[in-house]
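To start, the structure under review is shown below, and the notes come after it.
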Amino acid sequence: MVRVLGLPVTDADPTTAAAPRADQLRAQLGGRAPTPKDAGELVALETSAVVSLVGVLLGESGDHRLVLTRGGVVRKADKARIQPLEVLAHPSEDSDPELSALAERVRRFAALDEGDSVRIEDPRLGCVEGILVEKCRFGGLVLRQDGSLLAAGFSKLEPQARGPSQ
């Protein structure tokens, strides 16, 4: 299974007649799911006897693991076909800037918990702040201060720095 992650920010404004409902937003983000503790780890995915792909562990789905590879492609594979990148004899693979950036975004998302204050930078909406009310497989639902829900892909969610007054 190959899924290209083009996860936009979806504004679910309750004043809009055709606003998406929470269950629709949740489905767009892969459904509610916990983030595994080793999310963001660089891994090798064995695709055949001679070919392996390098990627970032994104999540789990039953007995399978979800691996995010270059270009934003998510591959679903049995746990037995995935191994930590350190096991490989290719030390230059883990210095790939694209994979390092992906791994950092996944680790940042994995560190977030439901109830955390988050912010989203989006060219269409600007800087949006809110509370992460639900973590999904590929992002989260954010409750904005005006009471509307926003669905955002994991790479757009950032922890909001807490000031001394909070």
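A few notes on this one:
- In segment 128-143, the residues that are free of Cβ contacts under 8 Å to residues at least 40 places away in the same chain reach residues that are among the basic types (Lys, Arg) and open to solvent by 10 Å² or more (accessible area, probe 1.4 Å) with C-beta atoms within less than 6 angstrom, at least six apart or across chains, in these pairs: Glu129/Arg119; Gly130/Arg144.
- Scan of segment 134-154 for residues that are open to solvent by 60 Å² or more (accessible area, probe 1.4 Å) and not in a loop (DSSP other than H, G, I, E, B), ordered by number: Leu143
- Exactly one residue out of Ala22, Ala17, Ala49, Ala12 is buried (at least 16 other Cβ atoms within 10 Å of the Cβ) and modelled with pLDDT under 90, and it is Ala12.
- Here Gly115 meets each of (1) over 16 Å from Gly140 (Cβ atoms); (2) loosely packed, with under 12 Cβ neighbours inside 10 Å; (3) modelled with pLDDT of 85 or more with one exception, condition (1).
- Residues in segment 37-51 that are in a loop (DSSP other than H, G, I, E, B), touching a strand residue (DSSP E or B) at 6+ places or on another chain (Cβ under 9 Å) and free of Cβ contacts under 8 Å to residues at least 60 places away in the same chain: Asp38, Thr47.
Residue-wise test of (1) more than 17 Å from Arg137 (Cα to Cα); (2) modelled with pLDDT of 85 or more; (3) touching a His at 6+ places or on another chain (Cβ under 7 Å).
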{"residue": "Ala44", "(1), (2), (3)": "yes, yes, no"}
{"residue": "Gly59", "(1), (2), (3)": "no, yes, no"}
{"residue": "Val67", "(1), (2), (3)": "no, yes, no"}
{"residue": "Gly72", "(1), (2), (3)": "no, no, no"}
{"residue": "Arg75", "(1), (2), (3)": "no, yes, no"}
{"residue": "Arg81", "(1), (2), (3)": "yes, yes, no"}
{"residue": "Leu85", "(1), (2), (3)": "yes, no, no"}
{"residue": "Ala89", "(1), (2), (3)": "yes, no, no"}
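- Count of residues meeting criterion [among the basic types (Lys, Arg) and out of contact with any strand residue (DSSP E or B) (no Cβ under 7 Å at 6 or more places or on another chain)] in segment 109-134: 1
The values are calculated or read from the model by the stated rules, or taken from the named source; none is laboratory data. Just so we're clear, the structure is a prediction, and the values are computed from it rather than from any experiment. Glycine also receives a Cβ, built like all others from the backbone with ideal geometry; neighbour counts cover every protein chain displayed. Ligands, DNA and RNA are excluded from the accessible area calculation, which covers all protein heavy atoms including side chains. Shrake-Rupley method; radii C 1.70, N 1.55, O 1.52, S 1.80 Å.
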